[in-house]
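Participant: Pasting in a structure now, in structure tokens, and then I'll have a few things to ask.
Quick note: the coordinates plus some simple rules give every number you see, no bench work behind them. What you see is a predicted model, and the numbers here were worked out from it, not measured in a lab. Backbone-built Cβ (ideal geometry, glycine too); neighbour counts: all protein chains shown.
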Amino acid sequence: MARILALDYGKVRTGIAVTDELQLIASGLTTVETKDLIPFLENYFKKEQVERIVVGLPKQMDNTPSESEALIQEFLKKMSAKFPSYPVERQDERFTSKMAVQSMLDSGMKKKKRQDKALVDEISATLILQAYLNRF
């Protein structure tokens with residue numbers, strides 16, 4: 001089997017998580033600057049088998065799309081043009097940033113480490129991916 005890759009897309013940084021080959025466990029991979037995301041994915045896809053990509057779907061509390069959805073749609077167009085063979089699925093990402101910070105607190109992580117926004121993005125991508133896996 002191939003991995004599933006998840007993105008917590010952001011204007012500045014994008015958190016990335018992947019599953020193991022059996023698609024059982026979601027793990028944080030890294031955070032990259034969004035401007036470098038396409039080249040990063042291109043390189044990653046050369047090294048690893050990926051079955052699909054899950055991209056966070058940001059929504060407001062009333063279920064309407066958040067402001068960042070327009071940026072994500074723009075990115076998805078570029079990504080589908082560059083990587084047409086990878087199916088893309090969306091996963092609701094409400095509360096993932098708050099849950100990421102809470103998980104950092106629960107694990108006893110020091111304050112300085114918890115303020116690392118890149119780490120929060122990576123954990124958020126992991127939560128998005130785990131929520132996606134839990135749907136099945």
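Participant: From the backbone phi of the range 8-13, what are the Karplus-calculated ³J(HN,Hα) couplings (6.51 cos²θ - 1.76 cosθ + 1.60, θ = phi - 60°) in whole Hz, Gly and Pro given as x?
Facilitator: Couplings: 9, 6, x, 4, 9, 10 Hz.
Participant: Sorted by packing (mean other beta-carbon atoms within 10 Å per residue), highest first, where do 80-93, 11-24, 122-135 land?
Facilitator: Order by mean packing, descending: 122-135, 11-24, 80-93.
Participant: What are the residues whose amide H is under 5 Å from the amide H of ARG52, where those residues sit 5 or more places off or on another chain and H is modelled from the backbone?
Facilitator: Excluding prolines and chain starts, which carry no amide H, the hits are LEU5.
Participant: Picking from VAL54, THR30, THR19, whose Cα lies most toward the positive end of the charge dipole for the chain (charges on Cβ: Lys, Arg +1; Asp, Glu -1)?
Facilitator: The residue sitting most towards the positive pole is THR30.
Participant: Follow-up question, since we're still on this one. Going through the range 1-100, which chymotrypsin sites (Phe, Trp or Tyr not before Pro) have at most 16 other Cβ atoms within 10 Å and a DSSP loop state? Before the final figure, lay out the partial values.
Facilitator: Numbers: sites: TYR9, PHE40, TYR44, PHE45, PHE75, PHE95; in loops: TYR9, PHE95.
Here the sparse-neighbourhood loop sites are PHE95.
Participant: Amide H to amide H under 5 Å from GLN91: which residues, 5+ apart in sequence or cross-chain, H placed 1.01 Å off N in plane?
Facilitator: Here the answer is VAL55, GLY56, LEU57, since their amide H atoms fall under 5 Å of that of GLN91.
Participant: Once amide H atoms are built 1.01 Å from N in the peptide plane, which residues 5 or more positions from SER66, or in another chain, come under 5 Å H to H?
Facilitator: Sorted by chain and number, the residues that satisfy this are LYS59, GLN60.
Participant: Here is a further query. Which trypsin sites (Lys or Arg not before Pro) from the range 18-77 combine a DSSP loop assignment with at most 10 other Cβ atoms within 10 Å?
Facilitator: none
Participant: A follow-up question, please. With each run of n ≥ 4 DSSP H residues scored as -39500 (n - 2.57), what mean residue ellipticity at 222 nm is computed for the chain after dividing by its residue count and rounding to the nearest 500 deg cm²/dmol? Intermediate results must be reported in sequence, preceding the final value.
Facilitator: On the way: 5 runs with 58 residues, N = 136.
About -13000 deg cm²/dmol.
Participant: Further question on the same structure: In debye to the nearest 20, how big a dipole does the chain give about its Cα centre with +1 on each Lys and Arg Cβ and -1 on each Asp and Glu Cβ?
Facilitator: About 360 debye.
Participant: If you wrap a convex hull around the alpha carbons of the range 3-134, what volume per residue comes out, as a whole number of Å³?
Facilitator: Roughly 111 Å³ of hull volume per residue.
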